[in-house]
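Worksheet: one structure, shown below.
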Amino acid sequence: MSAHFTASFLPGGVMPVATATTSFLLAIPALFSIVNPLGASLIFAQATTGRSRREILALAKLVAFYSFVLMLVSIWLGGKVLVFFGITVSALRVAGGLVVAVRAWNLLQSPESMEAKKEKQALQGGKTVMSPNWSDSAFFPLAMPFTVGPGTIAVAIALGSGCPAGESFLAYEMGITIAAVCVVLIVWAAYSGSEKLVSMLGVTGTRIVSRLAALVLLCIGVQILAAGVQGFAVEIWQHMKTA
C-alpha cells in the first residue's frame with residue numbers, strides 16, 4: 001500500500017519537493033495579499049460587535065473552514081471547469097492577472113475605498129451580523145464574498161492551472177494547497193484575535209500593511225498576466241510553424 005501511494009506522486013516513488021516548494025512560495029504571498037486577513041480582521045471585529053467571545057471564536061473557525069473549502073475547490077477543480085467551457089489556461093492567466101493587478105492597484109492607491117467596499121459586504125448595509133443563529137452568516141457574507149471574493153477565486157484558479165510542463169502536477173497542487181492552509185490559519189488567528197489586533201495595529205498600521213501587501217499582489221498579477229501572454233505567443237508560434 002505504501003509503495004502504491006508513493007508511486008502515485010511520480011514514477012520512482014519520490015515526490016518532487018522542489019516543485020512543491022516552488023508552488024508554495026509562489027502561492028503564499030499571492031493568496032495572503034488578495035485575502036488580506038489583517039485588514040479584513042478590522043472589519044470582522046465591526047461585523048461581530050455585540051457577540052460573545054465564544055461566538056466570535058466559533059464564527060472565526062467556521063469562516064476559516066468555509067474559506068478553505070472555497071479556495072480548495074478553486075485550486076483543484078477551477079481549471080477543469082474552465083476547460084469544460086473551452087477556456088484555455090493562457091486566457092485564464094491573462095484575465096486573472098488583469099483582475100488581480102487592477103484590484104491591487106486600487107488597493108495601493110486608495111485602501112480606504114477597498115475597506116469601505118469590504119465593510120459593506122460584511123456588515124450587510126450597515127448592520128452588524130446579528131442573526132438569531134450566528135452560523136447563518138458564516139458562509140455568506142463573511143466567507144464569501146468578504147474573505148474569499150472573486151479576486152481570490154481568480155488567483156486560486158490561475159495558480160492551480162499553472163503547473164509547468166514536465167513537473168509533477170500533484171506536487172505542484174499540494175504546494176498551493178499547503179499555502180492555502182497557511183493563509184486560512186492566519187485568517188482564523190486574525191479573526192479570532194480581531195479585537196486585540198484592532199487595538200494593536202489601529203487603522204493606520206493596517207493600511208500600511210495593506211499597501212505593502214498590495215504592492216506584492218500587483219507584482220504577482222503582472223507575473224500571471226505575463227505568463228498568459230507568453231502562453232498565447234507560444235501557441236501562435238507553434239501554429240505558424242505547423243501552417
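Among all residues of segment 70-83, there is at least one that is more than 23 Å from LEU142 (Cβ to Cβ), open to solvent by 60 Å² or more (accessible area, probe 1.4 Å) and either more than 22 Å from the chain's Cα centre (by Cα) or at pLDDT below 80 (or both).
Can you say whether LEU212 is loosely packed, with under 13 Cβ neighbours inside 10 Å and part of a helix (DSSP H, G or I), as far as the supplied structure shows? Please lay out each step first, then the result.
Values: loosely packed, with under 13 Cβ neighbours inside 10 Å: yes; part of a helix (DSSP H, G or I): yes.
So LEU212 fits the description; yes.
Applying a threshold of 9 Å to beta carbon distances and a minimum spacing of six or more residues, or different chains, the list of pairs starting in segment 53-68 at a residue that is over 13 Å from VAL148 (Cβ atoms) and open to solvent by less than 10 Å² (accessible area, probe 1.4 Å) and ending at one that is not hydrophobic (A, V, I, L, M, F, W, C) and not in a helix (DSSP H, G or I) reads ILE56/THR48; LEU59/THR48; LEU59/ARG51; LEU59/SER135; ALA60/THR48; ALA60/GLY193.
Restricting attention to segment 94-120, which residues are modelled with pLDDT of 75 or more and either open to solvent by 50 Å² or more (accessible area, probe 1.4 Å) or over 19 Å from the mean Cα position of the chain (by Cα) (or both)? Scanning segment 94-120 gives ALA95, LEU98, VAL99, VAL102, TRP105, ASN106, GLN109. Exactly one residue out of PHE24, PHE44 is modelled with pLDDT of 90 or more, under 25 Å from the mean Cα position of the chain (by Cα) and part of a helix (DSSP H, G or I), and it is PHE24.
Which residues, taken from segment 32-42, are open to solvent by less than 10 Å² (accessible area, probe 1.4 Å) and over 16 Å from LEU215 (Cβ atoms)? Listed by number, the residues that qualify are PRO37, ALA40, SER41. Kindly indicate whether any position in segment 134-146 is closer than 23 Å to ALA64 by Cα, assigned to a loop (DSSP other than H, G, I, E, B), in contact with a helix residue (DSSP H, G or I) (Cβ under 8 Å, 6 or more places away or on another chain) and touching a residue at least 60 places away in the same chain (Cβ under 8 Å). Looking through segment 134-146, at least one residue is closer than 23 Å to ALA64 by Cα, assigned to a loop (DSSP other than H, G, I, E, B), in contact with a helix residue (DSSP H, G or I) (Cβ under 8 Å, 6 or more places away or on another chain) and touching a residue at least 60 places away in the same chain (Cβ under 8 Å). Listed by first and then second residue, the pairs with beta-carbon distance under 7 Å, at least 6 apart or on different chains, first residue in segment 84-109 and assigned to a helix (DSSP H, G or I), second among the aromatic types (Phe, Trp, Tyr), are SER90/PHE232.
Filtering segment 131-153 to residues that are open to solvent by less than 20 Å² (accessible area, probe 1.4 Å) and either within 30 Å of THR19 (Cβ to Cβ) or not hydroxyl-bearing (Ser, Thr, Tyr) (or both) leaves ALA138, PRO141, LEU142, ALA143, PHE146, THR147, VAL148, GLY149, GLY151, THR152.
Of all the listed residues (THR6, THR19), the sole one being closer than 20 Å to PHE169 by Cα, more than 15 Å from the chain's Cα centre (by Cα), assigned to a helix (DSSP H, G or I) and modelled with pLDDT of 85 or more is THR19.
The values are calculated or read from the model by the stated rules, or taken from the named source; none is laboratory data. In this text the structure is predicted, and so the values were computed from the model without any measurement. Neighbour counts run over all protein chains shown; Cβ positions are idealised from the backbone, glycine included. Just the protein is used for accessible areas: all its heavy atoms, side chains included, with ligands, DNA and RNA removed. Shrake-Rupley method; radii C 1.70, N 1.55, O 1.52, S 1.80 Å.
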